[in-house]
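**Student:** Here you go, one structure.
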Amino acid sequence: MARRRTRRLYLGKWLWRYGTVIEALWRMVIEAKYGNIWGGWCTKKVTTLYGVSLWRYIRSGWLNFSKLLVYDVGDGTRVKFWKHVWCGDCTLQEAFSELYCLSRSKDSSVAKVMGWSVGRFH
C-alpha cells in the first residue's frame, strides 16, 4: 500500500513538473514527441503500442491527478473557464451545469470569456 502511494506521488510530481517547468529540455523532448493538450498542462494521450514508454505510464495518471489541481488564473490563457478548478472548490461546469449546457464556448479560456476594463471584470 505504501509503495503504491509513493509511486503515485512520484508520478504526480512528474505531471506537475511538466505543466510548470516549461523551459526544461526533457519537457521539450516529451512535448515534441507527444504534443500538448490545451494550455500546455499535459501531453496528448500516448497511444503508441511499441516499446516501453515511461511517459505513457506517467501520463496515464493525468485524469486522477488533474482532479486535484486548483489553477491560479494569471493572465487566463492557460486556464479553461468551465473545466478547470479556478473559482471555488469545483469546476464551473459542475457548479452551473445548466449554464454550461447553454454555453457556446465550452472549451474557452478564462481570458477569452472574461475581460477587465474600467476596473471591473466583464
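The values are calculated or read from the model by the stated rules, or taken from the named source; none is laboratory data. Here the structure is a predicted model, which means the values were calculated and not measured. Using ideal geometry, Cβ is built from the backbone for each residue, glycine included, and neighbour counts are taken over all protein chains shown.
**Student:** Only one residue in Val85, Val79, Val113, Val46 is under 21 Å from Arg8 (Cβ atoms) and outside the structural domain of Leu11 (by TED's automatic domain parsing), so which one is that?
**Tutor:** Val85
**Student:** Can you pull out every residue in region 11-55 that is surrounded by 11 or more Cβ atoms within 10 Å (Cβ to Cβ), modelled with pLDDT under 85, farther than 23 Å from Val73 by Cβ and not hydrophobic (A, V, I, L, M, F, W, C)?
**Tutor:** Those that are surrounded by 11 or more Cβ atoms within 10 Å (Cβ to Cβ), modelled with pLDDT under 85, farther than 23 Å from Val73 by Cβ and not hydrophobic (A, V, I, L, M, F, W, C): Lys44, Lys45, Ser53.
**Student:** While we're looking at this one, here's another question. List the pairs whose first member sits in region 104-119 and is more than 16 Å from Gln93 (Cα to Cα) and touching a residue at least 12 places away in the same chain (Cβ under 8 Å), whose second member is surrounded by 12 or more Cβ atoms within 10 Å (Cβ to Cβ) and β-branched (Val, Ile, Thr), and whose Cβ atoms are under 7 Å apart, counting only residues at least 6 apart or on separate chains?
**Tutor:** The qualifying pairs are Ala111/Thr77.
**Student:** In the list Trp116, Trp82, which residue meets the criterion of being surrounded by 12 or more Cβ atoms within 10 Å (Cβ to Cβ), among the aromatic types (Phe, Trp, Tyr) and either within 21 Å of Asn64 (Cβ to Cβ) or out of contact with any Leu (no Cβ under 9 Å at 6 or more places or on another chain) (or both)?
**Tutor:** When all the criteria are applied, what remains is Trp82.
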